[in-house]
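Report on one structure; see the data block that follows.
Please treat every number below as a calculation from the coordinates, not as lab data. Here the structure is a predicted model, which means the values were calculated and not measured. All Cβ positions, glycine included, derive from the backbone under ideal geometry; neighbour counts span all protein chains shown.
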Amino acid sequence: MQNKRMRVKLTSSRAIYIHNDLKNTAFHFKKRIVERMGNNDREGIFLEMTAALTMTAFALEACVNFVGDRVLGDRWRERASYWQKVKLVFEELGIQADYECRPFSSIGKLKKLRDTLAHGKPEHIEEEEIVIGTYDELCARQRLAGGWEEMVTLDNVVECYDDMNEIWRLMLEAAKIEVIDTTTQGGHGMELIEFIDD
């Protein structure tokens, strides 16, 4: 019977919430980085920290999009700027955000890093100064690094991830959304209409 051809009606219903995948990826990187730093295993750690911060930035934006879509419905403006969306959601939920203090200060840091990495523009830096030091000290000062790289630290990986989760918790609480309702879910079915003779 499995090889018999048939006409069926297939149905499916899916609610795909990408913020889950982004948050899980950010968590994976954060956990791995903390473990590696604890073991003084630093090979390639800068790259993993860059990935962790990038995924955290994406996750935060996806969380704002999820809550905005859920609480604002037809009034949600997916095409609005990042800051317009954040402010719209916070206003709707009555969240008073002080962007100078954690957890909200991480929003600006993550947005700046995300934009810098997403747009990948060349950076030209010219510096000149007279300094005194040993050969090793002077060589340590000579790095080929862009300004954005200053944000790629263990402290920022942990703080930004934790702040993203705290903002997520605040939004869910204010919107009265249960965590279970934020998970990807769905189902599918198959209804036999008829067997087809060959």
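Taking the chain as the reference, fit the longest principal axis to its C-alpha atoms, fit the long axis of helix 105-119 to the helix C-alpha atoms, and give the angle between the two in degrees, 0 to 90, nearest 10.
Computed tilt is about 80 degrees.
Using only Cα atoms and rounding to the nearest 10 degrees, what angle (0 to 90) does helix 45-72 make with the longest principal axis of the chain?
50 degrees
Calculate how steeply helix 82-93 sits against the longest principal axis of the alpha-carbon atoms of the chain, using the helix alpha-carbon long axis, and give the answer as 0 to 90 degrees to the nearest 10.
60 degrees
From zero up to wherever the largest Cα-Cα distance of the range 6-195 sits, split into 5 Å bins and tell me the percent of pairs in each.
Result returned by the calculation: 1, 6, 13, 15, 15, 13, 10, 8, 6, 5, 4, 2, 1, 1, 0, 0, 0, 0.
Considering the chain as a Gaussian network with a 10 Å cut-off on Cα pairs, which listed residue, Gly187, Gly147, Gly73, attains the greatest mean-square fluctuation?
Maximum among the listed residues: Gly187.
Report Rg (one decimal) and Dmax (nearest whole number) for the range 71-129, counting Cα atoms only, units Å.
Here Rg and the maximum Cα pair distance are 16.1, 56 Å.
If each of Cys139 and Cys101 carries a label point 7 Å out from its Cα toward its Cβ, how far apart are those two points in nm?
4.7 nm
Multiply the residue gap between Glu78 and Lys121 by 0.36 nm, knock off their C-alpha separation, and tell me the result in nm, one decimal place.
That works out to 12.9 nm of additional length.
List the trypsin sites (Lys or Arg not before Pro) within the range 93-165 that fall in a DSSP loop (any state other than H, G, I, E or B) and whose Cβ has at most 16 other Cβ atoms within 10 Å.
Working: sites: Lys109, Lys111, Lys112, Arg114, Arg141, Arg143; in loops: Arg143.
Counting only loop positions with at most 16 other Cβ atoms within 10 Å, the trypsin sites (Lys or Arg not before Pro) in the range 93-165 are Arg143.
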